[in-house]
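Here's the structure we're looking at; comments come further down.
The values are calculated or read from the model by the stated rules, or taken from the named source; none is laboratory data. All values reported here derive from a predicted model rather than from experimental measurement. Cβ placement follows ideal geometry from the backbone for every residue including glycine, while neighbour counts extend to all protein chains displayed. We work out accessible area using only protein heavy atoms, side chains counted, and drop any ligands, DNA or RNA first. Shrake-Rupley method; radii C 1.70, N 1.55, O 1.52, S 1.80 Å.
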Amino acid sequence: MVLAVALLTASCSGSPGDGAGDSVPAERGRVEAQQFLDALTRSDAPAAAALTTGDAATVAVEIPLVMRGLRLRGGNATVRTVTPVPAGAPFVDLTPPLIAPTTVGTAVVATVPAPPVVPPGDRLRATFDAALEVGGLGQWTFTGELAMVVTSGGPRVVWTAGAVHPALGPGQRLERSRTMPDRASILGAGDQVIVGPRSAVSVGVVPGKVRDLDSLVASLAAVLPVDPARVRADVNREGVKPDWFIPVITISRDAYAKVKPAIYDLPGTTFKENESRLPPTPAFARHALGRTAEITAEQLTAMGTAYQTGDVVGQTGIEQAYERQLAGSPSGEIRVVGPGGDTVTVVHQFAGISPETVKTTLDLALQTAAETALEGAPAPASLVAVNATGEVVAAVSRPLSDDFNRAFLGSYPPGSTFKIVTAAALLDSGRTPASPLGCPATLDIGGRIFRNFEGEAESSLDLARAFAISCNTAFLGAAQELPTDGVGISAARFGFGADYNVGLAVKGGAFPDPADDAERAAASIGQGRVTVSPLHMASVGGAIAGGGWRPPLLVRSSPKAVSAPGPAIPAPLSASTLTGLQSMLRAAVVSGTGMAANSSGRPVGGKTGTAEFGPGPDPQTHAWFVGVDGNLGVAVMVEGGGVGGEVAAPLAGRFFASRRP
C-alpha cells in the first residue's frame, strides 16, 4: 500500500497536458475506455463517438462503416489494463485509417479522410479482451488496444479503425463471409432416403394473373397441405408486384404429377422446376418428420448467433428436435478489406460443423400404407405401427393442418383395448380362453353401476367370447378375483409407467394406483384414470407380436436418442399367456367386434375399444382398434369417433389390406 501511494503521488506530480505521459495515474481512463467498448458492442455509434477525440457526428458515421460487415449481434469487450504512455514512446499511427462516405451521383463510395487530430494531453494505452457475437457465425474473440488522451473534458479514445481491431489500417473495414452447408437427409429403415434431395416443382402464384383469390386458394388447399390464410397474406402483402412469383409450396415431381390435373390450369398459378430437399409427398410422416421454414424472430433470438435472418430451420418433429445435427453450422471468415473491396488479411476463421443424417426406423412402404389407410378418415385420427422389437415403422396423425403429433403426444383413455392387459393378467392367474364367465347387463362394484356399452348380456360365456364381444361386466367380475395389484402388475409388463426415449417427445401409458374398488374396476376396462397414447397402444400390440413388451424407438442414430437410459424391459409373456392372447385377438376379428379389420386374407388379430370421455350421462367416445399382423403391432384411434368396431377397425383393415404380405 505504501508503494502504491508513493507511485500515485509521483504520477500526479507532473503538470497536466504536457504530454509527458508518465505523470498520469495508471487507472485513469478505465471508465471511459469501458464505456466506449460497451457502446461499440451494442452498436451504439453515437455513444461511442462521443467518447472519442474526433468530431462526434463524423465518427458516428464512420464506426458503422468499419463494423457493419460483421452483422454484430452483441457480445462484450472488457478493459484489461490501462497504462500511461511515457514521453517519446510510440503512441498511435496518425495516418488516416478511416473510411468516410462520399456520394458520387447515386452511389456511396469510400474515401480516405484527413488524418485524425490528437489534442495535447497526457496519453494512455488501454488493452481489452473482446468476445463479439458475429451474426450467422458465432463468437469471435481477440485482444485489442485503445490509444487515449486526457483532454479538458476527460479521457478520450483517439478514433482510428485500429480501436475496433488491431489489424485494421488506413481506409480498411471488417467484412465476413459465410457458407451454410446443405441440410442433411433423414433416413428410414434400411437407410432409405425419406427426406433428401429430389427433383421438385415449386408451386407459386402470380398476383396479376389471379382472377379469384379465394377460389384459387381453396382449390390449392384441397389437394396440398397449405395454409389458405398465409397464401392470401403473401399475395396481398404490401409492395408485392403483379408479376412477382409468390411461392406457395415446393413438392417432389412425383407428388406434383398427382395434383397437376387439379392445379395446373388455375388462373394465377405458375410452376418452377428445381431440386429441393423433400419427403416423397408433402404429407409423408409429416408430424414425426416435422417441417422446416424460414427462421422466425423468436427463434433467431433463442437459437444463437450461428443463425441469421433467412436461414431455414426445423419447426416441428425431427426437423426441429435434431436441428443442430441436420443443419450443422456455417463456416466463414472475418476479413480486413481495403477501400476497393480487396481482402487484405483474414483475422479469424469459423471452421463450421458438417451436417449429419438422422436415421429413423420408419419404413417407406408401411408408412405409405398407413397414410393410405387414413385417407378420408374422420379427423382427428392417428395410426401407429411398431414391429416386434419396438421399432416405429409407421406413424400418421391427422389433420395435416394441425402440428400436434397426436400419435405420439395424445393421451386418451384406452377403453376396451386395455382388456388385452387385463386378459393377460387373467391368463397369468391360471385362467384360459375357455374359462367360464358371466356377462350380466349391469354390475355394482364399490357403489358404482357398470354397464355394457350396447346393453348386451349373456348368462354364460367363456373368456374368449367375452373378449371377442367386449363384455365389460365379464371382465369386471373376473378382475375382482385377481389380487388388488394384479391388473397393475400386468400393465407394467406392457410398459405402462415406463419412461422411454423414442427420440421425440412422447406420452406413454399411465396406470395410476386405483383409489378404491370402483376405480380399480374402471381401470380394468381402460377407464378411470388410465391414459395412453396411440404409440403406446401400438407397442402393446407389438408385445404380442414379439412375445414381450419392448420400448418403442423412432430415431436410432443420434446422441439424443441414446443419451437417456432406457426402461427396464419386462420379462417376456409366458407361452400360455401369449398363445391365449393371440387366439382371443384372432377370434375378436373373426367373430367379434373387430370383424371390419379382417380384410387382408392374413390371420390378423385385434381388439376394439370405445372409450368414454367428458362429463354427463351420455359422454362422447373415442374409437380405438389395437391389432397384430405378423410381426407388427398396430393402433388406430379416432378422437370422438364413436364406436371402435365401426370406425377404427375398418381403418385398421385398410392398413392390413394395403401392406405387402
#### Entry: Those strands (runs of 3 or more DSSP E) lying entirely in region 125-226 with at least 1 residues polar (S, T, N, Q)
138-151, 173-179, 193-205
### Query
Mind checking which residues of region 123-181 are at positive phi and touching a Leu at 6+ places or on another chain (Cβ under 8 Å)?
171
### Query
Could we say that residue 465 is within 24 Å of residue 604 (Cβ to Cβ), open to solvent by 60 Å² or more (accessible area, probe 1.4 Å) and of a type outside the set (A, V, I, L, M, F, W, C) here?
yes
### Message
With at pLDDT 95 or above, open to solvent by less than 10 Å² (accessible area, probe 1.4 Å) and over 25 Å from the mean Cα position of the chain (by Cα) as the only criterion, which of 417, 389, 360 stands out?
### Response
417
### Task
Quickly run through region 256-280 and pick out the residues that are buried (at least 18 other Cβ atoms within 10 Å of the Cβ), under 22 Å from residue 195 (Cα atoms) and in contact (Cβ under 8 Å) with a residue 40 or more places away in the chain.
256, 277, 278, 279, 280
### Query
Of the residues 98, 132, which single one is within 20 Å of residue 337 (Cβ to Cβ) and modelled with pLDDT of 85 or more?
132
## Note on the structure
Expected single match for at pLDDT below 50, open to solvent by 50 Å² or more (accessible area, probe 1.4 Å) and either touching a helix residue (DSSP H, G or I) at 6+ places or on another chain (Cβ under 8 Å) or among the aliphatic types (A, V, I, L, M) (or both) among 22, 18 is 22
### Message
Against the condition at pLDDT 95 or above and buried (at least 23 other Cβ atoms within 10 Å of the Cβ), how does residue 365 come out, does it pass?
### Response
no
## Note on the structure
Among helices (runs of 4 or more DSSP H) entirely inside region 373-472, those with 3 or more residues being out of contact with any strand residue (DSSP E or B) (no Cβ under 7 Å at 6 or more places or on another chain) and within 22 Å of residue 511 (Cα to Cα) are 419-428
### Query
If we scan region 643-660, do we find a residue that is charged (D, E, K, R) and under 16 Å from residue 541 (Cα atoms)?
no
### Message
Among the residues in region 589-606, are any within 18 Å of residue 545 (Cα to Cα) and assigned to a strand (DSSP E or B)?
### Response
yes
### Task
Report, by residue number, each residue of region 49-79 that is under 40 Å from the mean Cα position of the chain (by Cα), not β-branched (Val, Ile, Thr) and not in a strand (DSSP E or B).
64, 65, 67, 68, 70, 71
### Message
Scan region 53-66 and tell me whether some residue there is open to solvent by 70 Å² or more (accessible area, probe 1.4 Å), at pLDDT below 60 and among the acidic types (Asp, Glu).
### Response
no
### Task
Name the helices (runs of 4 or more DSSP H) wholly inside region 484-581 in which the number of residues that are within 32 Å of the chain's Cα centre (by Cα), of a type in the set (A, V, I, L, M, F, W, C) and at pLDDT 95 or above is 3 or more.
534-546
### Query
So which of 636, 628 ends up being hydrophobic (A, V, I, L, M, F, W, C), assigned to a strand (DSSP E or B), open to solvent by less than 50 Å² (accessible area, probe 1.4 Å) and touching a Gly at 6+ places or on another chain (Cβ under 6 Å)?
628
### Query
What number of residues within region 282-305 are open to solvent by less than 40 Å² (accessible area, probe 1.4 Å), in contact with a helix residue (DSSP H, G or I) (Cβ under 9 Å, 6 or more places away or on another chain), assigned to a loop (DSSP other than H, G, I, E, B) and not small (Gly, Ala, Ser)?
3
### Message
Go through region 306-320 and report how many residues are open to solvent by 30 Å² or more (accessible area, probe 1.4 Å) and not in a loop (DSSP other than H, G, I, E, B).
### Response
2
### Message
Any residue in region 403-415 that is among the polar types (S, T, N, Q) sitting within a Cβ distance under 8 Å of a residue that is part of a helix (DSSP H, G or I)? List the pairs, counting only those 6 or more apart or interchain.
### Response
405/287; 405/288; 405/317
